[in-house]
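Following: one structure in structure tokens, then a few remarks.
Just so it is clear, none of the values below were taken in a lab; they were calculated from the coordinates. Small disclaimer: the values here were computed from a predicted structure and weren't measured. Glycine gets a Cβ as well: all are built from the backbone with ideal geometry, and neighbour counts include every protein chain shown.
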Amino acid sequence: MNRILPLETAVLIVVMATSFLTPFMGSAVNLSIPAIAAEFGDNALLLGWMVTGYLLTSAVFLLPFGRYADIVGRKKVFIAGTVLFSLFAALSGLAWSLTSLIWFRAAQGIASAMIFSTGMAILTTVYPAPKRGKAMGLTAAVVYIGLAAGPVLGGVMNHYLGWRSIFHFTAIIGILAALLAIWRLEGEWAGARGETFDFIGSTGYILALSAVLYGFSSISSVIWAKYILVAGLALMALFLHHQSRQQHPILQVELFRQNKVFAYSNLAAMINYSATFAVGFLISLHLQLVMGYDSQMAGLILLSQPVLMAALSPFAGTLSDRISPSILASWGMGITALGLFLFVFISVDTYLGLIIANLALIGVGFALFASPNNNAIMSAVEKKLYGVASSSLGTMRLVGQAVSMAVVTLLIASFVGDAGLNKNSAPMIVAASRASFMVFTAICIIGVFASLARGSKERSAPDDAKGQQD
């Protein structure tokens, strides 16, 4: 079988297949928000939690699952996560209320944590350093293909088959990916086999991060949210103290203290996603509820951003094998900040061509940032920490996405209030979007400095030619 499909190629195909799932579903679901609102009610806060709930559970379980996979085997956790992801996607398509949909999406988020805490680690283990940037660039390209396919296929499915078809389609793709992994991936990868798993630390981490993200997301709508946020921050401080005293922690605190490249690259990732993730959500609402396009047409318009991401990511990843990822990523963040700033001036009368051009500009910036930044993170640690590094990267990404949605949910709730997400509230939606883009621009500018702070000469951790397979 290895002659037909070498291990490196097999791993790349499987990781690319699963990397397609979440961005496809996320971008497709964004287009279906008005349809879901029409069926279950247009409560802006609950509709926001359909996205935020998924991101929250994904973020809080990533690190524990990454550490657990390093001990028991990454392939086991990866395949189990893919199967569960598909199951809860199918159940989301059968939801009978907005509340049930939120709970199924939250459960799906836990499954996605199992996938994304292991996929990048497996890929990094198998691919040697000189070829790693190219592999990550191809994986990033598939992520953006998912983002591109989501608006197009999701818009068509939502328009002709209803929003539930998006979840059913995702479930089918997930099962196919799981079968491919079972069929083609031989052996197992466990970089920390024999070490103990910190259950107390994992529980504290899950509770602390859940409280922080929930408190921040709900501070405008739940009276106790600020107290939950403070409690979460206090619990997080206790967790970090606990981890510094453990022989086998789930979070290598010293790694962030001593490894400048790793620390600032993770910070840059969190900031970038905080500034960019909700762009698709906002522009989807603008196109449908402000400008009057149907979901199918809106999907085609949104395609302008991920197409450029997909086209440029392999090039950016390969380039990061030759020159400093810090330089590429910082330029990418700067271009993204410019695109976000231009959206501050969006209005009811904004010319559609300008929206498309600006989405394309943000796509270029994100492509130049993501692959080089991922390469910098994974190349900054030794092999036994690949699971932890992959989970840290995933956690930063998802925390950033949750923060991005929390900002939007808070501002939409403030501007729209009880009016609901419908065409009658178009002026209020525009005002909320403008305020959101102001915040995102400021965040992204800070991110440029975080990206530059790691220096221009990243170091690679010791690496062997092919990676170890247990």
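State whether the range 231-319 is rounded, prolate or oblate according to the following rule on the C-alpha gyration tensor (a ≥ b ≥ c being the square roots of its eigenvalues): a/c under 1.5 gives rounded; otherwise a/b larger than b/c gives prolate, and the remaining case gives oblate. Oblate, since a/c reaches 1.5 and b/c is not below a/b. Between the exposed loop cleavage positions of the chain, defined as trypsin sites (Lys or Arg not before Pro) in a non-H, G, I, E, B DSSP state with at most 16 neighbouring beta-carbon atoms within 10 angstrom, the longest gap is 4-192. Computed from the C-beta positions of residue 352 and residue 258, the FRET efficiency with R₀ = 51 Å rounds to 0.55. Just want the answer: with Cβ charges of +1 for Lys and Arg and -1 for Asp and Glu, which residue in 227, 32, 116 is farthest toward the dipole's positive end in the chain? Result: 116. Amide H contacts for residue 197 (H built 1.01 Å from N in the peptide plane; partners 5 or more residues away or on another chain; cut-off under 5 Å): none found. Here the gap between residue 426 and residue 179, fully extended at 0.36 nm per residue and compared with their Cα-Cα distance, gives a gain of 84.4 nm.
Compared with the dominant principal axis of the Cα atoms in the chain, helix 352-379 is inclined by about 20°.
Classify the range 198-249 as rounded, prolate or oblate from the Cα gyration tensor: take a ≥ b ≥ c as the square roots of its eigenvalues, call it rounded if a/c is under 1.5, otherwise prolate when a/b beats b/c and oblate if not. The shape class here is prolate.
Quick one: angle between helix 199-217 and the longest Cα principal axis of the chain, in degrees between 0 and 90, rounded to 10, please. Taking Cα atoms only, the helix is inclined about 20 degrees.
With contacts taken as Cα pairs under 8 Å at a separation of at least 6 residues, the range 198-249 carries a relative contact order of 44 percent. Per-residue 3J(HN,Hα) values for the range 261-275, derived from phi via the Karplus relation 6.51 cos²θ - 1.76 cosθ + 1.60 with θ = phi - 60°, read 4, 4, 5, 6, 5, 5, 4, 4, 4, 4, 5, 4, 6, 4, 8 Hz in sequence order (x marks Gly and Pro).
Free of any chymotrypsin sites (Phe, Trp or Tyr not before Pro) that DSSP assigns to a loop and that have at most 14 other C-beta atoms within 10 Å, the longest stretch within the chain is 97-223.
Overall, the anisotropy analysis places the chain in the rounded class: the square-rooted eigenvalues a ≥ b ≥ c of its C-alpha gyration tensor yield a/c less than 1.5.
Model label sites at residue 323 and residue 245, defined 7 Å from Cα along the beta-carbon direction, differ in position by 4.9 nm. Over the range 322-409, Cα pairs under 8 Å with separation of 6+ residues give a relative contact order of 35 percent. Once C-alpha pairs closer than 8 Å and six or more residues apart are averaged by separation and normalised to the residue number of the chain, the relative contact order reads 26 percent. Taking every DSSP helix (H) stretch of at least 4 residues in the chain, weighting each as -39,500 (n - 2.57) and dividing the sum by the residue count yields a mean residue ellipticity at 222 nm of -26500 deg cm²/dmol.
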